[in-house]
Every structure is written in structure tokens, then in C-alpha cells.
1. Scan around residue 121 for amide H atoms under 5 Å from its own, H built in the peptide plane at 1.01 Å from N, and keep only partners 5 or more places away or cross-chain.
2. Report, by chain and number, residues whose modeled amide H sits under 5 Å from the one on residue 27, excluding near sequence neighbours (fewer than 5 apart, same chain).
3. Which far-off residues, 5 or more places away or on another chain, put their amide H under 5 Å from the one on residue 265, with H placed in the peptide plane?
4. Multiplying the sequence separation of residue 209 and residue 318 by 0.36 nm and subtracting their Cα-Cα distance, what value in nm do you get?
5. Kindly provide log₁₀ I(q)/I(0) values, in the same order as q = 0.09 Å⁻¹, from the Debye equation applied to equal alpha-carbon scatterers of the chain.
6. If you plug each phi of the stretch 286-296 into the Karplus form 6.51 cos²θ - 1.76 cosθ + 1.60 with θ = phi - 60°, what whole-Hz ³J(HN,Hα) values come out, in order, with x for Gly and Pro?
7. If I take the Cα coordinates of the stretch 125-243 and project them onto the principal axes, what are the three extents in Å, biggest first?
8. Once the mean 1/r over all distinct Cα pairs of the stretch 76-155 is inverted, what Kirkwood radius in angstroms do you read off?
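The values are calculated or read from the model by the stated rules, or taken from the named source; none is laboratory data. Everything numeric in this text was worked out from a predicted model, so none of it was measured. Because the Cβ atoms are built from the backbone with ideal geometry, glycine has one as well, and the counts that use them run over all protein chains shown. Please note that ligands, DNA and RNA were not included when accessible areas were found on the heavy atoms of the full protein model with its side chains. Shrake-Rupley method; radii C 1.70, N 1.55, O 1.52, S 1.80 Å.
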Amino acid sequence: MNSMKRFLFTISVLLVAAIGAIAQSPYINRVYEYRPAPGQFVNEMPSYEEGDTPEDMARKAEECIAHDERVLISLGSYGGYVTFGFDHMIENRPGKMDFQILSNAFYSNANPNPNASKEGGSCEPGIVMVSHDANGNGEPDDAWYELAGSEYDNPTTVHNYRITYYRPDEDKERTPNPDYKFINDTSYVRWTDNMGNTGHVYRNVYHHQSYYPQWIDADSLTFEGALLADNYVDESGMGNYYVQYAYAWGYADNHPNTDNRSKFNIEWAVDHEGKRVSLPGIHFVKVYCAVNQYCGWLGETSTEIMGAYDLHLVGDDTDDTTDIG
């Protein structure tokens with residue numbers, strides 16, 4: 001009888017473990033917040049409908065990027081972000097890439113500059129933040145850590161950058177640029193930053209909806225983080241062929257999905273002082289657009305993502321070959 005009880009106990013433990021393993025999905029399980037900065041794809045990717053709340057838009061973003069749906073969402077201009085999580089802790093395995101973020105980055109095959117890097121095209125880098133659910137409440141309310149990519153210690157990177165965008169008057173008289181017919185309002189969404197700069201997110205002829213997130217009631221939006229140097233070059237010299245060059249590693253929407261450099265290692269995590277931290281794993285990820293630049297007819301640079309997944313669960317946790325110092 002004791003043997004039978006031990007046998008049944010063993011079977012029950014194995015069943016619980018099996019059920020737990022089945023419940024774990026490698027993909028995004030939930031979007032907690034979707035808060036883009038103004039941009040030409042905002043209110044379109046995903047689509048805003050009158051009356052939508054922040055919770056509605058987070059749900060719509062979740063429907064796009066969770067569960068391997070692979071539908072793009074836009075984070076808008078600098079600072080715009082999305083916060084998402086998984087149904088389990090992604091383990092931090094030493095020397096291994098732990099998770100991948102999917103985007104629409106690609107290299108151009110038609111660069112008019114034959115001497116330029118081949119790793120340029122549509123590369124719109126987003127900084128990746130991670131968090132471990134230390135208090136165990138299932139909410140992204142613990143400390144956040146930046147995954148320090150290749151540009152973290154670059155003197156051109158501005159840490160503690162802050163920018164504020166102001167709700168535009170949609171009925172104001174537009175100020176088109178006579179030299180660039182694709183820009184129909186050069187004074188559309190005004191912004192100021194903590195470095196004394198001011199500027200505008202331009203309106204273009206390709207997108208007619210409001211560029212300011214309509215589900216947000218505030219008349220201004222402030223974002224802060226690290227600002228990477230501009231990564232675009234007008235290779236045509238005439239304003240008609242812009243190339244955005246990839247940074248070496250460590251950023252979302254920076255290399256194609258087929259490239260190992262679209263993968264991330266939790267060991268890259270640093271605190272707000274830049275000191276490396278050791279995490280057992282992470283439950284939550286935040287991605288925000290890391291550049292503040294305008295690329296002619298392409299419009300503002302805006303990080304886009306379409307999903308993320310745990311590399312360990314899909315058996316693709318390749319070695320980390322980057323030099324993290």
C-alpha cells in the first residue's frame with residue numbers, strides 16, 4: 001500500500017510539472033501599457049477608435065504582438081514605449097542569449113553609396129528595459145534595468161534625456177515646406193527637451209490622422225531615458241534616399257529578425273548608475289524609441305515591434321558573442 005501511495009504521488013508530481021510546462025508559452029502573454037510618442041503611424045498601428053481608453057489600446061497592442069501574432073505596432077517618436085510580460089520568468093543563462101524581439105528592420109540593397117556599410121536600411125533602434133518580479137505580484141512595478149547595448153558608453157549617447165511633446169491644434173493653419181512637397185506642416189507637434197532644444201514632429205502627406213495618441217487626455221507627454229545619436233544619412237545628397245544604419249548590437253528594431261543581433265542577453269542589465277546587476281531572470285520588458293530624428297520623406301524614426309519570445313523554450317538560445325566589457 002505504501003508503494004502504491006508513493007507511485008501515485010510520483011505520478012501526480014509529474015502531472016503537475018507537465019501541466020506547468022504546457023502552460024508556459026515562449027511568447028508575450030500580456031501588454032501592460034502602450035504609450036507611444038506622437039508619430040505618423042500613431043492611432044493607426046494599432047487603430048484607435050473614438051472612445052478607446054488606455055486599457056483598450058493596451059489590449060489592441062496585445063492582440064498584435066502577443067501569442068506569436070506578429071502584427072506591427074509603432075512606438076512613435078523618441079521615448080514612446082510598450083510594456084509587456086510573459087507567463088513565466090525568462091531564465092538568465094550565463095553566456096546565452098535569453099530572448100528575442102521581433103521587428104521590421106531590414107538592410108537596403110540599393111544604397112547609392114557603394115562604400116557604405118551594408119548594415120543600413122530601415123534600422124530604428126529601441127532601447128530595451130527589463131524587470132524581475134521581485135515582489136511576486138505579477139505586475140511590472142519593480143525596478144527596471146536597461147540592457148546596455150553597444151552605444152551605452154559611447155560619448156554621443158545622452159543619458160537622463162527628457163522630452164515633452166504638446167498636443168497640436170488640429171485646426172491651425174498649416175505651414176508646409178515649399179522645398180519638400182511631402183511635408184505639409186512643419187509646425188505640427190511641438191516638442192522641447194531638457195537640453196534647451198525645441199522642434200516639431202512634422203505632418204506629412206501620407207498620413208492624415210492625428211499623430212498625437214488620442215486616448216491620452218493630457219495635453220502634453222513627457223518621456224525620459226537615454227538618447228542615442230542619429231543613425232541616418234542622406235546618401236543621395238538630395239533628400240530622396242535616407243539610410244538608417246544599424247548599431248552594433250543591443251537594440252530592438254535594429255537588425256533583421258534573421259540576425260542573431262536581434263536577440264538579447266539579460267546579463268547586459270545595468271542599474272541607473274550604469275552598474276551591472278545580476279538577475280535570476282526577467283518577467284517584464286519595456287521597449288522605447290531611442291532616437292529623435294527626422295528622415296525626410298520617411299518621416300520621424302519610430303521603433304516598431306511585432307513580438308518577442310523566450311529563446312530557451314524554443315531551443316534557440318545561441319551563445320552571446322558580443323563584447324560586453
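1. 108, 244, 245, 246
2. 310
3. Distant-sequence amide H within range of residue 265: 98.
4. Numbers: separation 109, 0.36 × 109 = 39.24 nm, distance 4.22 nm.
Residue separation times 0.36 nm, minus the Cα-Cα distance, leaves 35.0 nm.
5. -0.49
6. Once θ is set to phi - 60°, the couplings for the stretch 286-296 become 10, 10, 9, 5, 10, 10, 10, 8, 10, 10, x Hz.
7. So the three principal-axis extents are 55, 38, 27 Å.
8. Details: mean 1/r = 0.0623 Å⁻¹.
Evaluated over the stretch 76-155, this radius sits at 16.1 Å.
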